[in-house]
1. Return the pairs, sorted by first residue and then second, in which the second residue is open to solvent by 20 Å² or more (accessible area, probe 1.4 Å), the first residue lies in region 68-89 and is among the polar types (S, T, N, Q), the beta carbons are less than 8 Å apart, and the residues are 6+ apart or on different chains.
2. Just to be sure before I move on: is ARG162 among the charged types (D, E, K, R), surrounded by 20 or more Cβ atoms within 10 Å (Cβ to Cβ), modelled with pLDDT of 95 or more and over 24 Å from ASP42 (Cα atoms) in the structure I sent?
3. Those residues that are farther than 21 Å from GLU169 by Cα and within 14 Å of the chain's Cα centre (by Cα), I need them from region 1-49; list them, please.
4. So which residues in region 35-44 are outside any helix (DSSP H, G or I) and either of a type in the set (D, E, K, R) or open to solvent by 40 Å² or more (accessible area, probe 1.4 Å) (or both), if there are any at all?
5. Within region 63-72, count every residue that is farther than 13 Å from LEU190 by Cα and crowded, with 21+ Cβ neighbours inside 10 Å.
6. What are the residues in region 165-194 that are under 17 Å from ALA64 (Cβ atoms) and open to solvent by 50 Å² or more (accessible area, probe 1.4 Å), if any?
Amino acid sequence: MNTPLGRRAAMATLVAGRDDDLLVVPGLGSTTYDLAAAGDNDRNFYLWGAMGGAAMIGLGLALAQPGKRIAVITGDGEMLMGMGALATIGIQQPQNLAVIVFDNGMYGETGGQPSHTANGGIDMVSVARSCRFPTCLDVSDEAGLDDLAARLKKLDGLLFARVTIRPDEPPRVLPEKDGTVLKRRFRAALGLTP
C-alpha cells in the first residue's frame with residue numbers, strides 16, 4: 001500500500017515550472033494555502049468563501065479563455081459540495097480544463113470530520129468518469145503525481161484526477177484576500193482591462 005502524498009509537496013510538483021498559459025483556481029482552504037506556499041502568482045484566482053464553486057469558476061475560465069490551460073485544484077470536501085459541477089463540465093467538454101481533487105478523506109476546514117470519500121465512501125474518479133470526463137486518474141504515489149504534472153503542462157483534453165494526500169496541516173500561507181484586488185490582478189495578467 002502506498003503512503004499518501006504530502007499535500008504541500010504535491011501542489012509544488014503540479015505548478016513547478018508553470019508558464020503564463022496556466023491559470024489555477026484553488027478551492028477553499030488548504031489548496032489555497034498550498035498554492036500560495038508554492039509561490040504567489042497573478043494567474044492564481046483564490047476563492048475566499050466560495051465553497052463548492054471552484055470547478056464552475058474553472059469551467060467559466062476554460063470557456064472564456066480557450067487559449068489558456070485551466071487547473072482547478074481543490075479538496076474533497078469542496079468538490080463534494082459542488083459535485084453537480086462535474087456533470088455540467090462533462091456536458092460542455094472543455095479541452096483546456098483539468099479538475100484535480102486533493103483527497104484526504106476529511107473536512108479539514110471544519111475540524112477534521114470524515115468526508116464522504118473516507119473509508120470506501122464516494123469514489124470521485126468513478127463519479128467523474130460517469131460525468132463523461134475522458135481522462136480520469138487516481139494518483140497515489142510520486143510516479144503518478146509526476147505523470148499528472150506532465151499532463152498538466154501539455155493539457156489537450158478534459159481531465160480529472162484524484163490525488164490521495166495525507167491529512168496533515170502545514171502552516172498556513174495566506175495570499176491576498178481582497179476580492180477586488182484579486183479580480184483586477186487576474187484580469188491584468190490576462191491582458192484584460194481591470
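The values are calculated or read from the model by the stated rules, or taken from the named source; none is laboratory data. Just so we're clear, the structure is a prediction, and the values are computed from it rather than from any experiment. Cβ: placed from backbone, ideal geometry, glycine included. Neighbour counts: every protein chain shown. Ligands, DNA and RNA are excluded from the accessible area calculation, which covers all protein heavy atoms including side chains. Shrake-Rupley method; radii C 1.70, N 1.55, O 1.52, S 1.80 Å.
1. From residues that are among the polar types (S, T, N, Q), the pairs are THR74/LEU28; THR88/MET56.
2. On the way: among the charged types (D, E, K, R): yes; surrounded by 20 or more Cβ atoms within 10 Å (Cβ to Cβ): yes; modelled with pLDDT of 95 or more: yes; over 24 Å from ASP42 (Cα atoms): yes.
Against the criterion (among the charged types (D, E, K, R), surrounded by 20 or more Cβ atoms within 10 Å (Cβ to Cβ), modelled with pLDDT of 95 or more and over 24 Å from ASP42 (Cα atoms)), ARG162 qualifies.
3. Scanning region 1-49 gives LEU22, LEU23, VAL24, ARG43, ASN44, PHE45.
4. Of all residues in region 35-44, those outside any helix (DSSP H, G or I) come to 39-44.
Residues satisfying the conditions are ASP40, ASN41, ASP42, ARG43.
5. Qualifying residue count for the region: 2.
6. LYS183, ARG184, ARG187, ALA188, GLY191, LEU192, THR193, PRO194
Each row is one residue, and each column tells you yes or no for (1) within 25 Å of THR164 (Cβ to Cβ); (2) part of a strand (DSSP E or B); (3) open to solvent by 20 Å² or more (accessible area, probe 1.4 Å).
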{"residue": "ASP20", "(1), (2), (3)": "no, no, yes"}
{"residue": "VAL24", "(1), (2), (3)": "yes, yes, no"}
{"residue": "TYR46", "(1), (2), (3)": "yes, no, no"}
{"residue": "ILE57", "(1), (2), (3)": "yes, no, yes"}
